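Colleague: Mind having a look at this structure? Questions to follow.
A short reminder: the numbers here are calculations on the coordinates, not readings from a lab. Computed from a predicted structure; not experimentally measured. Every residue, glycine as well, gets a Cβ built from its backbone with ideal geometry; the counts of neighbours run over all protein chains shown.
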Ligand code: HDE
């Protein structure tokens, strides 16, 4: 008979009292394929026996890092209950030491992010210009996408005015392809050597380390007013694109021009675009500022909630394709200049696949924090160009991971493992987790039977043999890079009046936050070169004279309607409607409204004077937010079914009104709208006899995102 282990004190069956914690284990969720650690093998290539070591946790008992079971983790080992702690206590030291080292350096830029798993399905339409297998018709490829802000630290707020990162890892059968893009198609600088300059200028001031995650400060405006190639990107930041409503409602752009190569070896130049199925939508500035205090995790929460509720966000991947001519320009636009984009009206975006995000990460640190992107992670069929920004990026991303992730083996971290077979000759180094068999990590060899073998050009990644023009070694840029204003003029001219008004407000706000007069004046000179009318508005807001443009206008720019966010109708998946009600409201009507909203793929949140339920018994309605926990910015539209006199409800309605949200009232709610000073005849205010009569009208208004006619 095997000898039974003695019972561990405090565990069930041990005879000592148990803690009031659950003691029955439940099965953890199964890992996704890209969460698996590298398979372990012995030096002879045999698999290692034992439990599934790929998982972070096995078994149901608490153990040390070495697997020894523990019976107490609440008390350190002491000489008596009041005595000193003993150096012998390995569990204490292991637990505290590991904790002391739990943090890794945050990303130097894009530190704040949120991510999701998904799948990409190729349409096959890119086949004539790219041999990349994952773009083939109906080929499905797992993806992991990380969205981010650029400037803020890891714990900063989501809804700040900033560019957003949009980085996608495609785990293709031919190796991993990373599309490391932004939600703005142009960049601040033309040459990567300027990246530390723009980032140092935009980050908090080095003396007091303020302001956090903001561009509204002197060093940023000092730099961009002197370095005028940043003008177009700065203007995009000052537009609604700088404050997205949701990560699900952003476009993504590869920014740099890439190459695609087909099976015949022919090369085309391409620009990548992600088009969200829900359209491109933004917060308004006052709303964004309130959001950052009320819910700093606004975008992170929105993405996770939408995926969890089954409202999977989708984007179509598209390309603009251009002939790979020796001058690498299209319609006069230099394709190697990353401060320039090509209007869709000149080169249509052709859809090549669909991405659906359908799973949240299991562990933020393991996946979202440790994922390591690199624009040089390419597959056969996609290659880089000589864009001097892209060339510097090709160096930077690998370099930064080495200090951020503690050594050169970050590719072995589960989220970074390729799904293609890996057989490199990279060995050893910090955090090596692979057990490489064989004796000959070099080529040529005979001792490992010549392995690994080289692939033929038909399956290998082969750089496009681009002819190099005769040239001289120098530090300079082509003359076309001197044009710093045409794209900013084009973007501004393409915006609707509402969007232009937001741009004027944003410049006025940001420059109003600068202390140095000289910086405000110089920034106004730049704005004058975008649009004199815009400059006059900003100058008036700052109380300064408007300077005249210094760079001549050749002709008025031809607007690109695709650059405006306003004017179409979009699906409402995951949009949030607040319903103000109280115990005296007609609760069956409120319940009907809740049901209608949910049935239509949106989220109803009942706002009541107290928590718990409104009413009692069968017809009771659960309350989602109280007057204390709600704030207008959480809702895309508000319905009112109660005469609430609480001043916080008046603020709710006043803010929703100012932020151009649809508002509807029925029954006693009509009186509340009046009491809150909301004019019944204003655009986007609907009054009806019951909730169902309101529903169609409210959703029709929401499809245009906001009631812009109301903007004052
Ligand atoms: Fe990045 N960038 N970048 N960048 N970038 C990083 O890499 C860099 C640029 C972008 O969610 C860093 O792993 C240089 C353009 C995204 O993990 C770093 C230059 C675009 C992310 C780096 C640029 C981007 C990064 C910091 C100028 C849009 C977040 C942490 C030559 C096309 C990826 C890291 C994630 C991250 C360098 C310019 C997008 C330091 C030197 C242009 C979305 O390597």
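Colleague: Roughly how many whole Å is it from the C-alpha centroid of the stretch 437-470 to that of the stretch 633-712?
Modeller: Each part's Cα centre sits 66 Å from the other's.
Colleague: Give me the percent of Cα-Cα pairs in the stretch 298-417 that sit more than 20 Å apart, rounded to a whole number.
Modeller: Here the long-distance tail beyond 20 Å is 63 percent of all Cα pairs in the stretch 298-417.
Colleague: Run the helix sum for the chain: -39,500 (n - 2.57) per DSSP H stretch of 4+ residues, divided by residue count, reported at 222 nm to the nearest 500 deg cm²/dmol.
Modeller: Working: 15 runs with 168 residues, N = 712.
Calculated at 222 nm, the ellipticity per residue is -7000 deg cm²/dmol.
Colleague: Follow-up question, since we're still on this one. Output the Kirkwood hydrodynamic radius of the stretch 163-245, Cα pairs only, in Å rounded to one decimal.
Modeller: Values: mean 1/r = 0.0695 Å⁻¹.
This gives a value of 14.4 Å.
Colleague: Next question. Evaluate the Kirkwood expression for the hydrodynamic radius of the stretch 503-640, namely the inverse of the mean inverse distance over all pairs of different C-alpha atoms, and round to one decimal in Å. Please report the intermediate quantities before stating the final value.
Modeller: Working: mean 1/r = 0.0518 Å⁻¹.
Over the stretch 503-640, the inverse of the mean reciprocal pair distance is 19.3 Å.
Colleague: In Å and from the alpha-carbon atoms only, list the Rg and Dmax of the stretch 495-562.
Modeller: Radius of gyration, then largest Cα-Cα span, for the stretch 495-562: 12.4, 37 Å.
Colleague: Compute log10 of I(q)/I(0) for the stretch 641-712 with the Debye formula, placing one identical point scatterer on every Cα and leaving out solvent, at q = 0.16, 0.26 Å⁻¹, to two decimals.
Modeller: -0.50, -1.26
Colleague: Go ahead and run the numbers for FRET between residue 482 and residue 82, Cβ-Cβ distance against an R0 of 60 Å, rounding to 0.05.
Modeller: FRET efficiency, residue 482 to residue 82: 0.20.
Colleague: Could you estimate the translational diffusion coefficient of the stretch 113-416 from the Stokes-Einstein equation, with Rh from the Kirkwood formula over C-alpha pairs, at 37 °C and 0.692 mPa s, in whole µm²/s?
Modeller: 166
Colleague: How much of the pair distance distribution for the stretch 571-674 lies past 18 Å, counting alpha-carbon pairs only, in percent?
Modeller: Of all Cα-Cα distances in the stretch 571-674, 41 percent exceed 18 Å.
Colleague: Only Cα pairs under 8 Å and at least 6 apart count here; give the relative contact order of the stretch 488-563 as a rounded whole percent.
Modeller: The normalised contact order for the stretch 488-563 reaches 42 percent.
Colleague: Once the Cβ-Cβ distance between residue 386 and residue 100 is put in as r, and R0 is 60 Å, what FRET efficiency do you end up with, to the nearest 0.05?
Modeller: 0.85
Colleague: Further question on the same structure: P(r) for the stretch 454-523, please, calculated from all Cα pair distances in 5 Å bins and given in %.
Modeller: Result returned by the calculation: 3, 10, 10, 11, 11, 11, 9, 7, 9, 10, 4, 4, 1.
Colleague: Given N residues in the stretch 279-324, what is Rg(Cα) / (2.2 N^0.38 Å)?
Modeller: 1.69
Colleague: Test of understanding: ordering 294, 468 by Cβ neighbours within 10 Å, fewest first, what list do you get?
Modeller: 468, 294
Colleague: How high is the relative contact order of the chain, in percent, counting Cα pairs under 8 Å that sit 6 or more residues apart?
Modeller: 12
Colleague: Run the Debye formula on the Cα coordinates of the chain, all scatterers equal and no solvent, and tell me log10 I(q)/I(0) at q = 0.05, 0.07, 0.08 1/Å.
Modeller: Each listed q maps to, in turn, -0.31, -0.60, -0.77.
Colleague: How big is the Cα convex hull of the stretch 413-558 in projection, averaged over all directions, in nm²? Write out the running numbers ahead of the final one.
Modeller: Details: hull surface 74.3 nm².
Result: a mean projected hull area of 18.6 nm².
Colleague: Calculate the spin-label point distance for residue 558 paired with residue 540, positioning each point 7 Å from the Cα along the beta-carbon direction, and give it in nanometres.
Modeller: Here the modelled spin labels are 3.2 nm apart.
Colleague: For residue 108 and residue 403 in one chain, what is 0.36 nm times their gap in residues minus the Cα-Cα distance, to one decimal in nm?
Modeller: That works out to 105.1 nm of additional length.
Colleague: Okay, next question. If one computes the Cα centroid of the stretch 500-557 and of the stretch 225-302, what distance in Å separates the two points?
Modeller: 23
Colleague: For the stretch 115-192, what is the convex hull volume of the alpha-carbon atoms per residue, in Å³?
Modeller: Given the Cα convex hull of the stretch 115-192, per-residue volume reads 140 Å³.
Colleague: With no solvent and one equal point scatterer placed on each C-alpha of the stretch 206-341, evaluate the Debye formula and give log10 I(q)/I(0) for q = 0.09, 0.14, 0.20 Å⁻¹, two decimals.
Modeller: The Debye formula, applied to the Cα set alone, gives -0.42, -0.90, -1.23.
Colleague: Between residue 125 and residue 424, take the C-beta separation as r, use R0 = 41 Å, and let me know the FRET efficiency to the nearest 0.05.
Modeller: That gives a FRET efficiency of 0.80.
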